[in-house]
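Trainee: Supplied in structure tokens, the structure appears directly below.
The values are calculated or read from the model by the stated rules, or taken from the named source; none is laboratory data. Because the structure is predicted, anything quoted here is derived from the model rather than measured. Cβ atoms come from the backbone with ideal geometry, glycine included; neighbour counts cover every protein chain shown. Just the protein is used for accessible areas: all its heavy atoms, side chains included, with ligands, DNA and RNA removed. Shrake-Rupley method; radii C 1.70, N 1.55, O 1.52, S 1.80 Å.
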Amino acid sequence: MLDFIQKENLHKVAIIFDNKIKTYQELNKDIREMEEILTPKEVIFLLCNNSYECLLIYLACLRKGSIPLLLSDNINELHLKNYQLRFLPSQIFSPKKLNILSEKSYLIKNYFLYKESKDNYINNKNLAVLLTTSGSTGNPKVVKVSRQNLISNTNSICKYLNLSNKERHITTLPMNYTYGLSCINTFLNSGASIILNNHAITTKQFWQNVEKYKPTYLSGVPFTYEVLSKYFLDKLRYSSFRVFTQAGGKLNNRFIEKFILLMNETNKEFIVMYGQTEATARMSYLPSSKLKEKIGSIGIAIPGGEFYLRNTYFEKENPQKTIGELVYRGENVTEGYANSFEQLNKSEENNFILNTGDIAWIDKENYIYLVGRINRFAKINGIRVSLIDVENLVKDLGYTCAISSDDLDLKIYLEIDDIKLEIPEIKKKISNKINISPNSIRLLRINKIPRLDSGKINYKKLGENND
């Protein structure tokens, strides 16, 4: 049905994991064996980690025509049961034992398989994969990704990154996260090698893998590069990494400036990208050569895509600057959402257009700059405040933070244990910048900002037990 595994150079290394190596020929053989236990047109739940078994199940689903819903292996079992009732999977694959009812269960290649004998077939021939959005709610939306979406976005990413079979990518993001999955698809599609890694970038094991297997590509979200720039720049400077790619939100300019210096010293590349699950993975990229000149930009549209603005208005301080909601058009825009098994069969017409929900402006060379998110604005005492702007302002002061608001107060959570925190001084600096009273600003210490598997801030859990 769908296959990203290249058919040339079959003796080349495809996957490295647990001190083992699999060539493309061996990978193909293992996928064929896994296909035998799958049924086309049925929903499969795959609880993901960066293991070889998980990768095999995913790739076998693509080939067989099964429809995998990719979920975190840390998913709450109540949420899993909710998904089960809504999407009627014929099989559930999990790396750990689950407390769920099943007609049959097996252990296959270190994965527990829970099987139902009911035949629930999907008639939507375009449907290939189901992904959850990276929102912070406990019940994220399920996005319907088609074969055309996957093929279009994978080919486009391979083109603008100019990927070749000489590259080696090390996994730092979960497979169920659209950005992490697109890395799997693109590097396999280009005939490159993938080092499967489940260790955090702060661990000794991760850096041992880097030293041993010499990866050339590292992909991460803003939090990844905030941590790397604070503690591991020297390791990066002398590492085998040649290219760094960043997506999953805006990285503060002060961290980008550190990577600009690193690039100048080492000739490495740093590529900023922008995407959403609703667009399969990625919609824009900022070439490394433009990083300094266009700092703060998410770049230009990927090959085959285009951007424009809607509901526009002019910036008060600069009447020449047009601001509006960013709209994207491209073949990677997905079919929409599904809340039930029945909705999987509905093929929705969206003309490949996505209203991103992001506020932006576009310069004369078509480089895009994000201003904020439609639902990330607060109105405090009649003053409209961008929570993203405040977050960047506090980060510029040197703090790791997260911002929320109930339209009464601005709540600034600081990941800090410094008892000498100068609260009045910090409030004054923020107040002067955004023109709201210090009395409307609450500074709250927090031991650790809650994050999703992708590294993004979990705003739903942010205020729990901390207010």
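Trainee: At q = 0.14 Å⁻¹, work out log10 I(q)/I(0) for the chain with the Debye formula, treating every Cα as an identical point scatterer and leaving solvent out; two decimals please.
Mentor: Scattering profile of the chain, log10 relative to I(0): -1.49.
Trainee: Kindly identify the stretch 354-411 as rounded, prolate or oblate by the Cα gyration tensor criterion: order the square roots of the eigenvalues as a ≥ b ≥ c, call it rounded if a/c is under 1.5, otherwise compare a/b with b/c, prolate if a/b is larger, else oblate. Intermediate results must be reported in sequence, preceding the final value.
Mentor: Details: a/c = 2.41, a/b = 1.46, b/c = 1.65.
The shape class here is oblate.
Trainee: Here's something else I'd like to know. For the stretch 86-241, what relative contact order do you get, as a whole percent, if you take Cα pairs closer than 8 Å and at least 6 residues apart? Intermediate values should be presented prior to the final figure.
Mentor: Values: 192 pairs, mean separation 23.4, N = 156.
It comes to 15 percent, rounded to a whole number.
Trainee: From the square roots a ≥ b ≥ c of the eigenvalues of the alpha-carbon gyration tensor of the stretch 243-348, which class results: rounded (a/c under 1.5), prolate (a/b over b/c), or oblate? Before the final figure, lay out the partial values.
Mentor: Values: a/c = 2.68, a/b = 1.46, b/c = 1.84.
Here the stretch 243-348 falls in the oblate category.
Trainee: Now a separate question. I'd like the trypsin sites (Lys or Arg not before Pro) in the stretch 264-333 restricted to DSSP loop residues with at most 11 other Cβ atoms within 10 Å, sorted by number.
Mentor: Lys316
Trainee: Hand me the trypsin sites (Lys or Arg not before Pro) from the stretch 1-93 located in a DSSP loop with no more than 13 other Cβ atoms within 10 Å, in residue order please.
Mentor: On the way: sites: Lys7, Lys12, Lys20, Lys22, Lys29, Arg32, Lys41, Arg63, Lys64, Lys81, Arg86; in loops: Lys7, Lys12, Lys41.
Filter output for the stretch 1-93: Lys7.
Trainee: OK, next. Find the accessible area per residue for the stretch 111-171; the probe is 1.4 Å, ligands and nucleic acids are left out, and the unit is Å².
Mentor: Working: 2620 Å² over 61 residues.
Roughly 43 Å² per residue, with all protein chains present.
Trainee: How much length is gained on full extension from Ile423 to Asn311, taking 0.36 nm per residue of separation minus their Cα-Cα distance? Write out the running numbers ahead of the final one.
Mentor: On the way: separation 112, 0.36 × 112 = 40.32 nm, distance 3.86 nm.
Stretched out fully, the Ile423 to Asn311 stretch lengthens by 36.5 nm.
Trainee: Can you give the calculated 222 nm mean residue ellipticity of the chain, where each DSSP H run of n ≥ 4 adds -39,500 (n - 2.57) and the sum is split over every residue, rounded to the nearest 500 deg cm²/dmol?
Mentor: Details: 13 runs with 132 residues, N = 467.
Calculated at 222 nm, the ellipticity per residue is -8500 deg cm²/dmol.
Trainee: On to the next question. In this model, which of Lys250/Lys448; Lys214/Lys292; Lys429/Lys460; Lys20/Lys448 are farther than 31 Å apart at the alpha-carbon?
Mentor: Values: Lys250/Lys448 20 Å; Lys214/Lys292 27 Å; Lys429/Lys460 27 Å; Lys20/Lys448 35 Å.
Violating the 31 Å Cα-Cα cut-off are Lys20/Lys448.
Trainee: Continuing with the same structure: If I histogram all Cα-Cα distances within the stretch 42-169 using bins 5 Å wide from 0, what percent of pairs lands in each bin?
Mentor: In whole percents, the pair-distance histogram is 2, 9, 19, 22, 20, 15, 7, 4, 2, 0.
Trainee: I would also like to ask the following. Amide H of Arg373: which non-local residues (sequence gap of 5 or more, or other chain) have their own amide H closer than 5 Å, using H built in the peptide plane?
Mentor: Ile359, Ile388
Trainee: Would you report the distance distribution of C-alpha pairs in the stretch 20-65 as whole percents per 5 angstrom bin, up to the bin with the largest distance?
Mentor: In order of increasing distance, the bins hold 5, 23, 32, 23, 12, 4, 1 percent.
Trainee: Per-residue HN-Hα couplings for the stretch 342-348, Karplus 6.51 cos²θ - 1.76 cosθ + 1.60 at θ = phi - 60°, whole Hz, x for Gly and Pro?
Mentor: For the stretch 342-348, the Karplus-derived couplings read 4, 6, 5, 7, 7, 9, 8 Hz, x marking Gly and Pro.
Trainee: Using the Cα gyration tensor of the stretch 175-286, with a ≥ b ≥ c the square roots of its eigenvalues, what is the shape: rounded (a/c below 1.5), prolate (a/b larger than b/c) or oblate (neither)? List each step's numbers first, then the result.
Mentor: Details: a/c = 1.56, a/b = 1.14, b/c = 1.38.
Oblate, since a/c reaches 1.5 and b/c is not below a/b.
Trainee: At a 1.4 Å probe radius, carbon and sulfur cover how many percent of the accessible area of the stretch 147-199?
Mentor: Details: 620 of 1550 Å².
Ligands and nucleic acids excluded, carbon and sulfur give 40 percent.
Trainee: In degrees from 0 to 90, rounded to the nearest 10, what is the angle of the helix 147-161 Cα long axis to the longest principal axis of the chain?
Mentor: 60
Trainee: Now a separate question. What nm value, rounded to one decimal, do you get for the distance between Leu78 and Asp396 when each label is placed 7 Å out toward the C-beta?
Mentor: 4.2
Trainee: Continuing with the same structure: Scan the stretch 237-322 for GluC sites (Glu not before Pro) in coil per DSSP, keeping those whose Cβ has at most 15 other Cβ atoms within 10 Å, and list them by number.
Mentor: Working: sites: Glu257, Glu265, Glu269, Glu278, Glu293, Glu306, Glu315, Glu317; in loops: Glu293, Glu315, Glu317.
Those that pass, being in a loop and sparsely packed, are Glu293, Glu315, Glu317.
Trainee: For the stretch 259-330 and the stretch 81-134, what is the separation of their Cα centres, given in Å?
Mentor: The stretch 259-330 and the stretch 81-134 have Cα centres separated by 37 Å.
Trainee: Further, regarding this structure: Report, for the chain, the % of DSSP beta bridges that are antiparallel, rounded to 5.
Mentor: Among the beta bridges of the chain, antiparallel pairing accounts for roughly 65 percent.
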